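Q: My questions will all concern the structure given below.
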Amino acid sequence: MFPWLDTCFKQLGNRIAADKLHHALLIQGPSGLGKSSFALQLAQLLLCKARQGDKVCGQCQSCLLNAATTHPDLHVVGSEKQIGVDQIRDAIKKLVSSAHMSGAKVLIIYHAHTMTESSANALLKTLEEPTGNTFLLLTTDKPERILPTIKSRCEKLALPLPSLDSTLTWVKTQYDADIDINFAKLFSARPLALLAELQEEQSFTYEIFSAGLDALLQGQTSAMQLAMAWQDSADKVLKWTQYWARQQCTEQVSETVWQLNLQATKVTQQLRNPGVSKTLVLTELLDKLALVKAA
């Protein structure tokens, strides 16, 4: 288990041992925190036949099947785009049947906020009246998009966020090169996201982005010039601009930052159109960014 989630996981292990775990957990936290791994390991703990506290035995038939990702009583549904009603109905059919291993049955729903309204409604009865020894583990980084009827039937579990020091300590065990502290701050509570960004080899780096912003804010370059140079990395520019804006949130510039975030949301929607001019929409965004400094 990731060190920043270890205490929380141990607490749930104690509740499982005392038979006091709620049958439905809504596991919340930002992307890159480790929610998926947390949910999977919790499911494996529930299914283990000889667990000890928060540790699986690793030797029972359930553990061996989990290691081979073939456990017949562990069901997984997930999509980053949309979870359809048929996916949920198929999963429910598996849950209502008897457990193959005569133990618990577990359904993990990754990115639960992507369930359609029909999907969510199909899940309600199971959430209200689950069969015996059945557990549902839902993960989300956008709880505001989940129907209130789903939320009200789940125990909400907000995973703890690591400090920047904790994030860096862990990432350095996985990554050997130097880490720019300002870049790390953009992902301070999302260690897995930071590691993924660092490991992604590309010509457009955060150092380039940061240097470009400095030049823009000092009047040494224009928004149009940067947009033309960065258009092939528009998604990165958008993401890093939003992170940068959050660091600028003070009373003096809060309104300007808010406008920048609104512009970033607009650009996100515009970039989904394959015919859009990336240079133009990035120029608009970077013009707004320059105003933050002016404020």
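Q: Could you check the spin-label model distance between Thr116 and Ala177? Points 7 Å from the Cα along Cα→Cβ, value in nm.
A: 4.3 nm
Q: Next question, about the same structure. Place +1 on the Cβ of every Lys and Arg and -1 on the Cβ of every Asp and Glu in the chain, take the dipole about the Cα centre, and give the residue among Thr139, Thr221, Thr169 whose Cα lies farthest towards its positive end.
A: Result: Thr139.
Q: Please arrange Ile92, Ile181 by how many other C-beta atoms lie within 10 Å of their C-beta, fewest to most.
A: Exposure proxy ranking, most exposed first: Ile181, Ile92.
Q: Would you pull out the residues with amide H under 5 Å of Ala24's amide H, same chain only if 5 or more places away, H placed 1.01 Å from N?
A: So Ala24 has HN proximity to Leu136, Glu155.
Q: May I ask for the net charge around Gln44, where only other residues with Cβ less than 14 Å from the Cβ of Gln44 are counted and Lys, Arg are +1 while Asp, Glu are -1?
A: With Lys, Arg at +1 and Asp, Glu at -1, the neighbours total +2.
Q: In the chain, with Lys and Arg counted as +1 and Asp and Glu as -1 at Cβ, which of these residues, Ala211, Ser102, His23, has the Cα nearest the positive end of the dipole, that is, farthest along it?
A: My answer, from the dipole projection, is Ser102.
Q: A further question follows. Determine the gain in length on full extension of the stretch His100-Phe204; use 0.36 nm per residue of separation and subtract their C-alpha separation, reporting nm with one decimal.
A: 32.4 nm
Q: Can you sort Ser203, Ser222, Ser163 by how many other beta carbons sit within 10 Å, fewest first?
A: Ser203, Ser163, Ser222
Q: Just to be sure I understand the curve: with the Debye formula and one point per C-alpha of segment 3-158, what is log10 I(q)/I(0) at q = 0.13, 0.14, 0.18, 0.20 Å⁻¹?
A: Normalising to I(0) and taking log10 leaves -0.55, -0.65, -1.11, -1.38.
Q: With angles folded into 0 to 90 degrees, how steeply does helix 85-96 sit against the dominant principal axis of the chain? Use alpha carbons for both and round to 10.
A: Helix 85-96 sits roughly 30 degrees off the main axis of the chain.
Q: Taking +1 at the Cβ of each Lys and Arg and -1 at the Cβ of each Asp and Glu, which of Ala120, Asn182, Ser79 sits farthest along the dipole of the chain towards its positive end, judged by Cα position relative to the Cα centre?
A: Ala120
Q: Could you tell me what percent of the DSSP beta bridges with both partners in the chain are antiparallel, to the nearest 5?
A: Around 5 percent antiparallel, to the nearest 5.
Q: Please report, in whole Å, how far the alpha carbons of the chain spread along each principal axis, starting with the longest.
A: Computed over the chain, the largest-to-smallest principal extents equal 69, 42, 35 Å.
Q: Further question: Remind me, relative contact order of segment 3-158 in percent, using alpha carbon pairs under 8 angstrom and six or more residues apart?
A: After rounding, I find 32 percent.
Q: Follow-up. Determine the alpha carbon to alpha carbon distance for each of Lys35/Lys266; Lys10/Lys55; Lys93/Lys125; Lys142/Lys236 and list only those over 18 Å.
A: Violating the 18 Å limit, Cα to Cα: Lys35/Lys266; Lys142/Lys236.
Here, each number is a calculation from the coordinates, and none is a lab measurement. Values in this document were obtained by computation on a predicted structure and should not be read as measured data. Note that each Cβ is placed from the backbone with ideal geometry, even for glycine, and that neighbours are counted across all protein chains shown.
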